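Input: a single structure, listed below in structure tokens.
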Amino acid sequence: MSAPNYSTVNYDMFVLIGIPGLRELHMWISIPFCLMYLVAVAGNGILIYVVAVERSLHEPMYLFLSLLAFWDLILSTSTVPKALSIFWFDDMDISFGGCVTQLFFMHFAFVVESGILLAMAFDRYVAICYPLRYTTILSHGVIGKIGGAVVFRGFATVFPIVFLVKRLPFCRTNIIAHTFCEHMGLAKLACADITINIWYGISVPLLSVMLDMVTIVVSYGLILRAVFRLPSHDARMKALSTCGSHVCVILMFYLPGIFTVIAQRFGRKIPKHVHILLANLYVLVPPMMNPVIYGVKTKQIRERVALVFSSKGKYC
């Protein structure tokens, strides 16, 4: 069989057109996007700083939380600034290398955050089911190894996508109907067989995230069983309240992602601009809400944030 007769054109620049059909509203859409991004950067930055400077917060739960805040910043910063530059300055051009870099860090952060949420579920399981051995099981050395394993798994899962995209010839169009680059959106522009991209993009990253979700559900099943075996009502309520923030963060992370995947897979009648808005909200809302949820529901963080900034104010 003869080789496919592809054009000699191979684009090294692409055009991100923003939100199709809503270009006249780009400036208005940019306002909530910018505000949410600023809240995400400020909230996660404050959270990381407070956990770093306050030794009383150098506990497993808060160390994992600071890791989550760091990767929230990576997730939102890899996509939102480019979207804002499109909305404000019509800066639609992006190099092929920049496009691949953007999609890598976006998918990388997503898989790493899923692993961190699993680690946080394990932390709550140990804290409630083995309270006397909590600090022994989750020592700083163990936390470092867990964090390293989560990052390595995310890198090993997502990095092959870079090679899968780089091997593709692009000779049909260089226009991407989105505000940022993502794997399948870029691969569909190729004038070559993308079967491997489709299977890898669906199976490997999603299976790792699905495995995390199942393990988290099992962990919380064991946690709930242990909680309801506690003899005191107050002890049960206290144990449940310590898990409340984490459950909210889990729901904020997974539910929009699941809805976005379902909408893309089965919502063919949903307008394109709705898909793109959902994708942008997914990289904005969880990073914005996570520090707010923990700040509101966790007394230690509220107190330490107030203490740090009140002490700073004394020297102004």
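Which part of the range 219-256 falls in the paramagnetic zone of Arg302, meaning amide N under 12 Å from the point 7 Å along Cα-to-beta-carbon?
Of the residues in the range 219-256, none has backbone N under 12 Å from the label point off Arg302.
If packing is taken as the mean number of other Cβ atoms within 10 Å per residue, what is the order of 137-149, 215-227, highest first?
Output ranking for 137-149, 215-227: 215-227, 137-149.
Tell me the label-point distance for the pair Asp91, Leu38, using the 7 Å Cα-to-Cβ offset, in nm and rounded to one decimal.
The answer from the label model is 1.8 nm.
What are the radius of gyration and Dmax of the range 59-137, computed over its Cα atoms and given in Å?
Computed over the Cα atoms of the range 59-137, radius of gyration and Dmax are 17.9, 58 Å.
Please list the helices of the chain that count as membrane-span-like by this rule: a mean Kyte-Doolittle hydropathy of at least 0.5 together with Cα atoms stretching 15 Å or more along the helix axis, each helix being a complete DSSP H run.
26-53, 60-77, 96-129, 140-166, 195-227, 233-266, 272-297
When the expected Rg is taken as 2.2 N^0.38 Å, what fraction or multiple of it is the alpha-carbon Rg of the range 145-279?
Numbers: Rg = 20.1 Å, N = 135, 2.2 N^0.38 = 14.2 Å.
Rounded to two decimals, the normalised Rg is 1.41.
Hey, can you rank 189-202, 100-113 by average C-beta count inside 10 Å, highest first? List each step's numbers first, then the result.
Details: 189-202: 15.1, 100-113: 21.5.
Put in order of decreasing packing, that is 100-113, 189-202.
With a point put 7 Å past each Cα toward its Cβ, work out how far Leu132 is from Ser56 in nm, to one decimal.
Each label point lies 7 Å from its Cα, and together they span 2.7 nm.
With the cut-off at 31 Å, tell me which of the pairs Lys166/Lys272; Lys82/Lys145; Lys82/Lys269; Lys82/Lys188; Lys145/Lys238 have Cα atoms farther apart than that.
Lys82/Lys145
What does the highest-first list of 54-61, 40-47, 28-35 look like by mean Cβ count within 10 Å? Spell out each step's value before the answer.
Numbers: 54-61: 16.2, 40-47: 19.9, 28-35: 14.8.
Ranked from most to least packed, the peptides come out as 40-47, 54-61, 28-35.
Give me Rg/Rg_expected for the range 129-207, where Rg uses Cα atoms only and Rg_expected = 2.2 N^0.38 Å with N residues.
1.66
Quick one: net charge of Leu222's neighbours, Cβ under 14 Å, K/R +1, D/E -1?
Value of the local net charge: +2.
Could you point to the label whose value was computed as Rg and Dmax of the Cα atoms in Å for the structure here, given [x] 21.8, 78; [y] 20.1, 63; [z] 17.8, 52?
Correct label is [x].
Around Ser76, what is the net charge, scoring Lys/Arg as +1 and Asp/Glu as -1 over all other residues with Cβ under 15 Å from its Cβ?
-2
Under a point-charge model restricted to the Cβ atoms of Lys and Arg (+1) and Asp and Glu (-1), what is the dipole moment magnitude of the chain relative to its Cα centre, in debye to the nearest 20? Write down the numbers at each step before the final one.
Numbers: 25 positive and 15 negative charges, 166 e Å.
Computed about the Cα centre, the dipole is about 800 debye.
Could you work out the local net charge near Phe110, counting Lys and Arg as +1, Asp and Glu as -1, over the other residues with Cβ closer than 14 Å to its Cβ?
-3
Could you tell me what percent of the accessible area of the chain is made up of carbon and sulfur, with a 1.4 Å probe and every protein chain present?
Percent of accessible area from carbon and sulfur atoms in the chain: 70.
The values are calculated or read from the model by the stated rules, or taken from the named source; none is laboratory data. Note that the coordinates shown come from a computational prediction; the quantities given were computed from them, not determined experimentally. Reconstructed Cβ throughout: ideal geometry from the backbone, glycine too, with neighbour counts over all protein chains shown. The area values use the complete protein model at the heavy-atom level, side chains included, leaving out ligands, DNA and RNA. Shrake-Rupley method; radii C 1.70, N 1.55, O 1.52, S 1.80 Å.
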